[in-house]
Amino acid sequence: MNDDSQRALRGRIRLASVVSALMLAPMALANEPAAAQEQLTVERIFGSRDFDVRSVGPIQWIEGGRRFTYVRRDGGLTDLIAEEPGGDMLVLAEGRTLVPEEGADTIAIENYAWSDDGRRLLIFTRSERVWRQNTLGEYWVYDSRSRRLTPVSTAGKQMFAKFSPDGTKVGFVRDNDLYVTNLETGAEVRLTNDGSETVINGTTDWVYEEELDLRDAWRWSPDGTRIAFWRFDQSAIAPFPLIDYMELYGDPMSLRYPKAGTPNSDVRIGVVEVEGGATSWIDPGDGDWEYIARMDWGPAGDRIVFQRMPRRQNRIDVMAADPATGRSRLLFSDTDSAWVDVDDDLTRVNDGRELVWSSERDGRNHLYLYDRNGRLLRQVTRGDWDVTAFHGVDESGRWLYFTGTEQGPLQRHLYRIRLDGSGMERLTREPGMHTIRMSPGAVHYIDVYSTSFDPPVTRLHRADGALVRVLEENAELRRRLGETRMTPPDFFQFNTTDGVTLNGYLIRPPDFDPARRYPVLMYVYGGPGSQTVIDSWGGDRYLWHQLLAQRGYIVASVDNRGTGARGRDFRKIVYLNLGHWETNDQIEAARYLAALPYVDGERIGIWGWSYGGYMTALAMARGGDRFRAGISVAPVTDWRLYDTIYTERFMRTPEENPRGYEESGPLHHAAGLTGDMLLIHGTGDDNVHYQQTVQLVDALIAVGKDFGLMIYPNRTHSIEGGNTRVHLFGLMTDWVEERLGGR
């Protein structure tokens, strides 16, 4: 896209954001006296529910996409509701009736799944968090005919329970072993027997969950007679201690966490009969593979299709294995000189005779069609834009549905195209972000739509894009937002000194006066494939930025090289050299902002969390006196301390790339820090360990640098719980006020 069309797009986005805000919710902005509007506060944003976004869900499609079900919450009770597209409603399970036994408390539906025949409902409740998500809990089976509620097991909480295809059994994981319960007899069969602290069956180790988004690690065969599962042996991974400092002697917990360059789990795919017996093993084939990233049965049950990767992650091999013999063969490979991303786009079409696959092989992420033997049939989508999500196929109409950036990297729209590559059409119209939940067979879809100034609206559509009705418009949230002095972000572009165009946004104070000079706080994430500059609702962090704008700051964000939705080359320039181009672009962005006539170039700050915390620390160390102050939350400070899969995807191992690791770590640039930096970390962070901040602190002390430090005891990477967020963002607000002086 050339510069003229980019400028035109930018103008359309800016105008559309304001117009859509006025259409969807008449927020009181320019026409209402300032005295009648409320200021945002940290307590309201993070300590109340004033700005909660209402959603519909969790949604499950039934009857082939002709109806959908969802949970309706009323106080402490949860009802399960079924709706027709036209709005007719039926209560399938009343919360007050979900009582395990007389005198017991009702159970709340946290998540659920239907048996294929629609007779039984599997309810997940009383859950506990396992790392990022609540995946350990109780599963109950509700029979819609008898209205009886039966526990799947009484021997302990379970994980990842699923109905068998015929609905007569439920499989699940407990204590790292696989089990199956027969719902007719109540008999429970243990299928694996070696689960332990080091051996994991049916779920995954920490790094697969965090970096490959894989938690549920077992699959029913189509006929329900067998189960295929991942088995992890993590005994080669050294344990890393997480200390509970609130206990008298600091209660330690060991987490097997593979750091860059160290051993990973040994992983295998096993197949076991549901009646019990010995496990047979899939031969993953010869070669330098390290990871098995995805796996599922073929539709006929005659093969298992899995994806394996070498440790460098520069190739994905799509393999097919015979579950009877264990022998496997290569269907096709996708390779890249940098890395290849894992996703869930591999989809069977035409009763398994064809496969849809996504790839960046032409420089943009597009969809391709293969036959079942791995022969490429055609590239289905093409153009100077990216497919960002694949939603499914309408087999009868031969339509393929996907989300893409054809309207520009700041937006996401739903499209459909025929499998022969013809007839592509855009189904969503309003500029902004459209998040799609497609029904089976692409009969209907649910669109959660928002912009950077408009909170989400949830709508039901027919597959051709026609609106059926609005499911949730967040009217109360819009009313409350309309009572505040908020200003829409202004999207912009600028060119770096080496000629690269970068996207950014500015949030100006409500009473912005171009004759004045304002301090700026830059917000950064900047990691590979990410985006902060996107026309989408930003939640409580966005509201905090609006709070700062009300206090006299300009808040800015720029997507540096390495971020997403602008093609393979823009994203993968960071390979083997994390931090270099990203911080270069943030420093250039600060220089660009400082030159604006309404910016005080002596009062520019920067802040970020996780990768953004890493970027903040490194940019301040590399940027000379460009940044007066910064807040680095939960930062990576040395990539040698981070996990194998994420780090080596971009950097290879420390042994292969010692210079890259040395140059990319903020703790190796501590002497360059000139501004005031506040470091924040939770001691219970299992993702970016508190160790990272401790080592940066030591490096700063060694070179005589002053800094601020706030530790949150036992808080995880998200630093939340109780009053934590109010305290955290109150602290950050005060730090910004003291260092940059908004008013």
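The values are calculated or read from the model by the stated rules, or taken from the named source; none is laboratory data. Note that the structure is predicted; figures quoted are calculated from it, not measured. Virtual Cβ from ideal backbone geometry, glycine too; neighbours counted across all protein chains shown. Side chains are part of the model used for accessible areas, which takes the heavy atoms of the whole protein and leaves out ligands, DNA and RNA. Shrake-Rupley method; radii C 1.70, N 1.55, O 1.52, S 1.80 Å.
Table for the structure above
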item: Close pairs (7 angstrom Cβ cut-off, 6 or more residues apart or separate chains): closer than 13 Å to GLN307 by Cα in region 269-289, polar (S, T, N, Q) and in a strand (DSSP E or B) anywhere; result: ILE282/SER328; ASP283/SER328; PRO284/SER328; GLY285/SER328
item: Criterion violated by PRO241 - all others in (1) open to solvent by 50 Å² or more (accessible area, probe 1.4 Å); (2) out of contact with any Pro (no Cβ under 6 Å at 6 or more places or on another chain) satisfied; result: (2)
item: Qualifying residue in region 179-198 (condition: within 30 Å of PRO299 (Cβ to Cβ) and either aromatic (Phe, Trp, Tyr) or under 26 Å from the mean Cα position of the chain (by Cα) (or both)); result: yes
item: Residue list for region 78-107, filter: open to solvent by 30 Å² or more (accessible area, probe 1.4 Å), without any contact (Cβ under 8 Å) to a residue 24 or more places away in the chain and assigned to a strand (DSSP E or B); result: MET89, LEU90, VAL91
item: Neighbours by Cβ (under 9 Å, 6+ apart or cross-chain): first from region 297-312, at positive phi; second open to solvent by 10 Å² or more (accessible area, probe 1.4 Å) and of a type in the set (Ser, Thr, Tyr); result: GLY301/THR225
item: Some residue of region 499-514 being assigned to a loop (DSSP other than H, G, I, E, B), touching a residue at least 12 places away in the same chain (Cβ under 8 Å) and in contact with a Lys or Arg (Cβ under 6 Å, 6 or more places away or on another chain); result: yes
item: Out of ARG72, ARG49, sole residue that is at pLDDT 50 or above, assigned to a loop (DSSP other than H, G, I, E, B) and surrounded by fewer than 18 Cβ atoms within 10 Å (Cβ to Cβ); result: ARG49
item: Inter-residue pairs, beta-carbon under 8 Å, first on the phi > 0 side of the Ramachandran plot and in region 622-646, second open to solvent by less than 10 Å² (accessible area, probe 1.4 Å) and part of a loop (DSSP other than H, G, I, E, B), 6+ apart; result: ALA634/ASP685; ALA634/ASN687; ALA634/VAL688; ALA634/ILE719
item: Candidate set: region 409-458, residues that are of a type in the set (Ser, Thr, Tyr), farther than 26 Å from LEU369 by Cβ and out of contact with any His (no Cβ under 6 Å at 6 or more places or on another chain); chosen: the one surrounded by the most Cβ atoms within 10 Å (Cβ to Cβ); result: THR451
item: Test result for TYR646, within 24 Å of the chain's Cα centre (by Cα) and in a helix (DSSP H, G or I); result: yes
item: Index of the failed condition, VAL170 passing every other in (1) open to solvent by 20 Å² or more (accessible area, probe 1.4 Å); (2) touching a residue at least 40 places away in the same chain (Cβ under 8 Å); (3) in a strand (DSSP E or B); result: (1)
item: Candidate set from region 295-312 (those that are surrounded by fewer than 17 Cβ atoms within 10 Å (Cβ to Cβ) and part of a strand (DSSP E or B)); member that is nearest to the chain's Cα centre (by Cα); result: ASP296
item: Any hit, region 115-123, residues being assigned to a strand (DSSP E or B), touching a residue at least 60 places away in the same chain (Cβ under 8 Å), farther than 30 Å from ASN714 by Cα and open to solvent by 10 Å² or more (accessible area, probe 1.4 Å); result: yes
item: Residue count for region 450-466, restricted to those that are out of contact with any helix residue (DSSP H, G or I) (no Cβ under 8 Å at 6 or more places or on another chain), within 24 Å of MET424 (Cβ to Cβ) and part of a loop (DSSP other than H, G, I, E, B); result: 3
item: For PRO33: the one exception among (1) at pLDDT below 50; (2) closer than 24 Å to ILE534 by Cα; result: (2)
item: Residue satisfying all of: in region 426-449; of a type outside the set (D, E, K, R) and in a loop (DSSP other than H, G, I, E, B); nearest to LEU410 (Cα to Cα) among these; result: GLY432
item: ARG215 being out of contact with any Pro (no Cβ under 9 Å at 6 or more places or on another chain), under 21 Å from MET309 (Cα atoms), among the charged types (D, E, K, R) and surrounded by 20 or more Cβ atoms within 10 Å (Cβ to Cβ); result: no
item: Selection from region 438-452 of residues that are at pLDDT 95 or above and either touching an Asp or Glu at 6+ places or on another chain (Cβ under 6 Å) or farther than 20 Å from GLU83 by Cα (or both); result: TYR449, SER450, THR451, SER452
item: Answer residue from region 272-294, given it is part of a strand (DSSP E or B) and open to solvent by 10 Å² or more (accessible area, probe 1.4 Å) and is nearest to THR204 (Cα to Cα) among those; result: ARG294
item: From THR279, THR262, residue being over 23 Å from ASP216 (Cβ atoms) and at pLDDT 95 or above; result: THR262
item: Hits in region 124-139 (condition: of a type outside the set (Val, Ile, Thr), in contact (Cβ under 8 Å) with a residue 60 or more places away in the chain and open to solvent by less than 80 Å² (accessible area, probe 1.4 Å)); result: TRP131
item: Wholly enclosed strands (runs of 3 or more DSSP E) of region 313-370 bearing at least 3 residues in contact (Cβ under 8 Å) with a residue 24 or more places away in the chain and either of a type outside the set (Val, Ile, Thr) or surrounded by 20 or more Cβ atoms within 10 Å (Cβ to Cβ) (or both); result: 315-321, 328-335, 354-359
item: Neighbours by Cβ (under 8 Å, 6+ apart or cross-chain): first from region 140-163, without any contact (Cβ under 8 Å) to a residue 24 or more places away in the chain; second open to solvent by 30 Å² or more (accessible area, probe 1.4 Å); result: GLY156/ASP175; GLN158/LEU136; GLN158/GLU138
